[in-house]
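Working notes, structure below.
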Amino acid sequence: MLRYKVTRTARKYLISSVIVLFIIVLGFTIMCFFSIRQIKDVYNHRIEELNDEMKEYKKSIFVSNKEIIAGEEIREDNIKLVTVYSNQPQSYFITSEDIGKIAIIDIKPESYILKNMLIDEPISSNLREEEFDVFTINSNINSKDLVDIRILYPNGENYIILTKKSLKNLNNNKCFLWLSEDEILNIHSAIVDAYLHKAILYTAKFIEPLQKESVTNYIPNIDVLDLIKNNPNIIDIAKKELSIQARIDLESRIKVYEENYLNEKEVEKNLDDYNAQTYTQESSQIYYEIDEEGYGGEIYE
């Protein structure tokens, strides 16, 4: 009778345990189901947002399928239409209506072709390439960068002579510019002006190619124009003098850089020597050990 009672009690506990376990498993399953569903909804919502962003950035644009040289016409055989993802507005890129326009800069293969890289008409017949080495060129300027050519007088007056010009084949202070006849006259006048009044001819870089041209506000001096007319050699004299000064400025900047570089190396060397000396001193510190009789002895590490 006792055995039957124990068995009956154990069976009740077993059934209760199974029911409790079932409830726990069921509750855990329901919780996991809703958690996974919630995570899935969040994940799907994020995917939809990303898809919308991708659709917004997805564009069909023209890229060059080979190198296009400045002055070359944009044709169907040197460009191709591709699908890309870009956050730049569609209006920045050329369309089929721009085929036939002329490239004003060299365009490397597989490069995006922007509207500001082209002009409507072929390069003017009065455009000429001239070499200069009279400008103070900032260290952040590289070949083919777009710059303004400015003149700074000793009294602080500052004028723009040429705007948005590409510095071609830049090497140290030497570069080439494509100039019209009026621009050649202006820059020659400015060179003589700078020579006579100890002014500085320097460059100011455009941050983005899409920036608009500046308004040129340099007006050639009548006396300077008369001087050029009466003595054409004055241009060569002024170029030579300004070229020497520009070279001196360049070498001065190089010297400052080298001195700063050497100073940094010297500081690093002194710091290494100091660290080595400190380590040696710390390694040779004296420690005292008291023996059983109360006497200390020097112990070196």
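Values in this text are rule-based calculations from the coordinates and carry no lab data. Treat the numbers as computed from the prediction; the structure is a model and nothing was measured. Note: ideal-geometry Cβ built from the backbone for every residue, glycine included; neighbour counts use all protein chains shown.
For the reader, a short list of remarks on this structure follows.
- Separation between Cα centres of the range 31-110 and the range 183-216, rounded to whole Å: 37
- For the pair Asn233 and Lys115 in one chain, pulling the backbone fully straight at 0.36 nm per residue adds 38.3 nm over the alpha carbon distance.
- Kirkwood-type radius of the range 104-212, with distances r between different C-alpha atoms, in Å: 15.0
- Neighbour cut-off at most 14 other Cβ (10 Å), DSSP loop, trypsin sites (Lys or Arg not before Pro), the range 67-143: Arg75
- Set of the range 89-133 residues, backbone N closer than 18 Å to the point 7 Å along the Cα-Cβ line of Asn171: 129-133
- Residue separation of Val18 and Asn51 scaled by 0.36 nm, minus their Cα-Cα distance, works out to 7.1 nm of gained length.
- Between Asp41 and Tyr85, residue separation times 0.36 nm minus the direct Cα-Cα distance comes to 13.2 nm.
- Straight Cα distances below 20 angstrom link Lys66 to the lysines Lys80, Lys101, Lys108, Lys115, Lys144, with same-chain residues fewer than 8 positions distant left out.
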